[in-house]
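Each remark here refers to the structure printed beneath this line.
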Amino acid sequence: MYNINDAVMYSTYGVCRIKSIEKRDFSGEDVEYYVLQPVGDDRNTFYVPTGDSPMKDKMRRVYTREEVEELIGVMPDEGSIWIENDIQRKEEYRRILDAGDRRELVKLIKTLYIRRQELLEKHKKLHSTDERFLRDAENMLYDEFAYALGIPKEEVLPYIKAHLS
């Protein structure tokens, strides 16, 4: 159970704060919802049932600074997860995004960075679907890192690079 003012990761939307917990009637019956407000975005609000639901499964606690720094420390050891088959790759990368596992997100980002570099050397580009997966994974991970580290999102990549060298 989460509480009001807790920060949570919600799906691919990033870090949200639980603004309130309230009952609403969206479908003919009163259901209790977490009311989520994305951090830094007052335009969106998400209503997530507090009971067991697929929507609630997309919520997870935000990593602490220590957990983020530990994850940054193991980044060089993470392997590549490139899959040649386009359909299988899309399914696996979608599964990774939906699950939101940070280590798998790191592997996904690292894999697509490496693949992009390999293709650039051949004067080719990463497929648009892979670019979208990369952008979504970076958004999720960097949003959480920025929140946990107390830095702007655009400083996350330089922070990671500085701590890896």
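Some points to look at:
- When +1 charges are put on Lys and Arg Cβ atoms and -1 charges on Asp and Glu Cβ atoms, the dipole computed for the chain relative to its Cα centre reaches about 480 debye.
- With R₀ set to 41 Å, the beta-carbon distance separating residue 57 from residue 163 gives a calculated FRET efficiency near 0.85.
- In summary, the lysines within cross-link reach of residue 153, defined as a Cα separation below 17 angstrom excluding same-chain residues under 8 places away, comprise 161.
- In terms of surrounding Cβ atoms within a 10 Å radius of their Cβ, 81, 114, 96, 87 rank from fewest to most as 87, 114, 81, 96.
- Near the amide H of residue 81, within less than 5 Å, lie the amide hydrogens of 111, all on another chain or at least 5 residues away, with H placed in the peptide plane.
- Cβ-defined net charge surrounding residue 71, 13 Å radius [Lys, Arg +1; Asp, Glu -1]: -4
- Taking amide H as placed 1.01 Å from N in the peptide plane, residue 6 has its amide H under 5 Å from the amide H of 18, each at least 5 places away in sequence or on another chain.
- Phi to ³J(HN,Hα) by Karplus 6.51 cos²θ - 1.76 cosθ + 1.60 over region 84-99, Hz, x for Gly, Pro: 5, 5, 4, 5, 5, 5, 4, 4, 5, 5, 5, 4, 4, 4, 5, 6
- Centre separation in Å (Cα based) which lies between region 126-140 and region 86-119: 8
- FRET efficiency, 1/(1 + (r/R0)^6) with R0 22 Å, evaluated for residue 94 and residue 123 via beta carbons: 0.15
- Dividing the summed -39500 (n - 2.57) terms of all DSSP H runs of n ≥ 4 by the residue count of the chain sets its mean residue ellipticity at 222 nm at -15000 deg cm²/dmol.
- The chain shape via C-alpha gyration tensor axes, a/c threshold 1.5: prolate
Rule-based calculations on the coordinates, nothing more; no lab input. This one's a predicted model, so the numbers in the text were calculated from it and none came from an experiment. No Cβ is skipped: glycine too gets one built from the backbone with ideal geometry, and neighbour counts run over all protein chains shown.
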